[in-house]
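One structure is given here, and the rest of the page talks about it.
The values are calculated or read from the model by the stated rules, or taken from the named source; none is laboratory data. Everything numeric in this text was worked out from a predicted model, so none of it was measured. Please note: Cβ atoms are built from the backbone with ideal geometry, for glycine as well, and neighbour counts cover all protein chains shown. Just the protein is used for accessible areas: all its heavy atoms, side chains included, with ligands, DNA and RNA removed. Shrake-Rupley method; radii C 1.70, N 1.55, O 1.52, S 1.80 Å.
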Amino acid sequence: MPTFANSERIFQTAMQLLPGGVNSPVRAWGAVGLSPRVIARGEGARLYDVDGNSYLDYVGSWGPLILGHAHPRVVAAVQEAAARGTSFGAPTPGEVELAQVLLGAVPGLEMVRLVSSGTEACMSALRLARGATGRGRVIKFDGCYHGHADSFLVAAGSGVLTHAIPGSPGVPPEIAELTLSLPYNDLDAVARALKTYSGEVAAIFVEPVAGNMGVVPPKPGFLEGLRRLCDQEGVILVFDEVITGFRVAWGGAQSLYGIKPDLTCLGKIIGGGLPVGAYGGKRELMARMAPSGPVYQAGTLSGNPVAVAAGLATLETLVEPDSYDELEEKGAWLARELAAAAARQGAGVTINRVGSMLTVFCTKAPVTNLEEAKGSDLRQFQTFFQGMLAEGVYLPCSQFEAWFVSTAHRQEDLEYTVAAAERVWSRMAGK
Ligand SMILES: *Cc1c(COP(=O)(O)O)cnc(C)c1O
């Protein structure tokens, strides 16, 4: 029998020292009725806990690890960069190289600013949008997550959703009031809001493929409609591609769907597992950022040379021919075979997928927005999660998160996963 004694002991201590035992709420396993495994190391598609148990990992650090854990090229780049010094507070060649790669890949980027997290990227993009338009209101969508800045903690996704926190104490109502959260994929609601608040909306923030209420793709016409409405009303369209950038395509969701936003937020993959975020867009907008313009934003460790080296090594490896074809094939195979296994065992599931990100919702009904995602049977999800964990498959510990397939997942890993899911569904059906 596997033992989890070391995980239990360390997490008990963590509970005394860190709120909830974690440094980010999504890592707590309350929603699946367990205490989390404490991780010792990762290699390729596998994680190893402090008791020596190993798992096939579909969390991938919540998105960044598109090459899997401890990819040799990324590790070497980090070691080499660290040996040259970890931070200078001065311009470095790596940040210029990374900016060139980002601008070459993402259609909406003409200029970019590096920061240290997706949260920072989104809050800075919002400040820029407000600074550029002189307007205060922002529109977002229910179940989308744009980091933990005050303005975005209104009907947010990710851990806010998993732990059923509606807004957050500490966000003044005067600030929350400026944020309008609307149903995802509902263009009419956006048109109505823009009419009601004509001339007051600075920006629309959207995850072009939602990943923080589980994976929810945009309906045909949704992103196009947002682009058109923003153009009509002088509103800045911000694609939060912190998950989707370099995930659903080399150029992100904007290249996949052919829609150019005014500003783009990036994070996760562009840091290759180290802290990097970025926001960028049209040159005339970005030129408003200090020191070339008056909108202020800064960071001691922004463009950090070690983090940038990890990001560059990741992107340089990804750009090799066929990475995205391979990720698409693996994602498609996994989603198709999981659906077939669920059907054989009579498990009612809906699988949403774009490229190598997918969610298995425990509901038969289609999921196109937060309300529908919430129609999932969370007790069933908990049983499924626990069953998969016992089979050695490490899934996101929430119904409302994405599974990520990496280039390190081999066909036999995917086959094992489908077989494990079929065993779990079979047991759930009492067969
Ligand atoms: C993860 C995420 C963020 C926040 O990024 P952090 O690096 O966790 O601050 C913002 N937007 C989206 C879409 C995300 O998935």
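Listed residues A125, A70, A81; which is on the phi > 0 side of the Ramachandran plot and hydrophobic (A, V, I, L, M, F, W, C)?
Details: A125 fails: on the phi > 0 side of the Ramachandran plot; A81 fails: on the phi > 0 side of the Ramachandran plot.
Every option except A70 fails the conditions.
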Selected residue (criterion: most open to solvent (accessible area, probe 1.4 Å)) from residues of segment 320-339 that are without any contact (Cβ under 8 Å) to a residue 24 or more places away in the chain and more than 22 Å from the chain's Cα centre (by Cα): R336
Residue ID - surrounded by the fewest Cβ atoms within 10 Å (Cβ to Cβ), chosen from residues in segment 220-243 that are assigned to a helix (DSSP H, G or I), among the acidic types (D, E) and touching a strand residue (DSSP E or B) at 6+ places or on another chain (Cβ under 9 Å): D231
Residue within segment 275-284 that is in contact with a helix residue (DSSP H, G or I) (Cβ under 9 Å, 6 or more places away or on another chain), open to solvent by 20 Å² or more (accessible area, probe 1.4 Å) and within 16 Å of the ligand (Cβ to nearest atom) present: yes
Matching residues in segment 194-219 - criterion: being away from the ligand (no atom under 16 Å from the Cβ) and either open to solvent by 10 Å² or more (accessible area, probe 1.4 Å) or among the aromatic types (F, W, Y) (or both): K195, T196, Y197, S198, G199, E200, K219
Subset of segment 351-361 that is open to solvent by less than 10 Å² (accessible area, probe 1.4 Å) and of a type in the set (A, V, I, L, M, F, W, C) - its residue that is farthest from L378 (Cα to Cα): M357
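Here's the yes/no breakdown for (1) open to solvent by less than 20 Å² (accessible area, probe 1.4 Å); (2) part of a helix (DSSP H, G or I):
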position: P366; (1), (2): no, no
position: E372; (1), (2): no, yes
position: G375; (1), (2): no, no
position: R379; (1), (2): no, yes
position: Q382; (1), (2): no, yes
position: Q386; (1), (2): no, yes
position: S398; (1), (2): yes, no
position: T407; (1), (2): no, no
Candidate set from segment 114-136 (those that are touching a helix residue (DSSP H, G or I) at 6+ places or on another chain (Cβ under 9 Å), away from the ligand (no atom under 15 Å from the Cβ) and not in a loop (DSSP other than H, G, I, E, B)); member that is most open to solvent (accessible area, probe 1.4 Å): A132
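Just wondering, is there one or more residues in segment 31-48 that are open to solvent by 80 Å² or more (accessible area, probe 1.4 Å) and more than 22 Å from G159 (Cβ to Cβ)?
Within segment 31-48, the first condition is being open to solvent by 80 Å² or more (accessible area, probe 1.4 Å), and the residues that meet it are 41, 43.
Okay, now just the ones that are also more than 22 Å from G159 (Cβ to Cβ), so 41, 43.
Checked segment 31-48: at least one residue is open to solvent by 80 Å² or more (accessible area, probe 1.4 Å) and more than 22 Å from G159 (Cβ to Cβ).
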Which numbered condition L67 misses (of (1) in a helix (DSSP H, G or I); (2) more than 16 Å from the ligand (Cβ to nearest atom)): (1)
Of the criteria (1) assigned by TED's automatic domain parsing to the domain that holds I39; (2) open to solvent by 10 Å² or more (accessible area, probe 1.4 Å); (3) β-branched (V, I, T), which one T300 fails: (1)
Matching option when the condition is among the hydrophobic types (A, V, I, L, M, F, W, C), in a helix (DSSP H, G or I) and within 30 Å of R427 (Cα to Cα), among L334, L312: L334
Selection within segment 1-27 - within 27 Å of the chain's Cα centre (by Cα), free of Cβ contacts under 8 Å to residues at least 60 places away in the same chain, part of a loop (DSSP other than H, G, I, E, B) and within 21 Å of L395 (Cα to Cα): V22, N23
K260 being of a type in the set (D, E, K, R), more than 19 Å from the chain's Cα centre (by Cα) and either part of a loop (DSSP other than H, G, I, E, B) or crowded, with 23+ Cβ neighbours inside 10 Å (or both): yes
F246 vs. criteria assigned by TED's automatic domain parsing to the domain that holds L187, surrounded by 23 or more Cβ atoms within 10 Å (Cβ to Cβ) and away from the ligand (no atom under 11 Å from the Cβ): yes
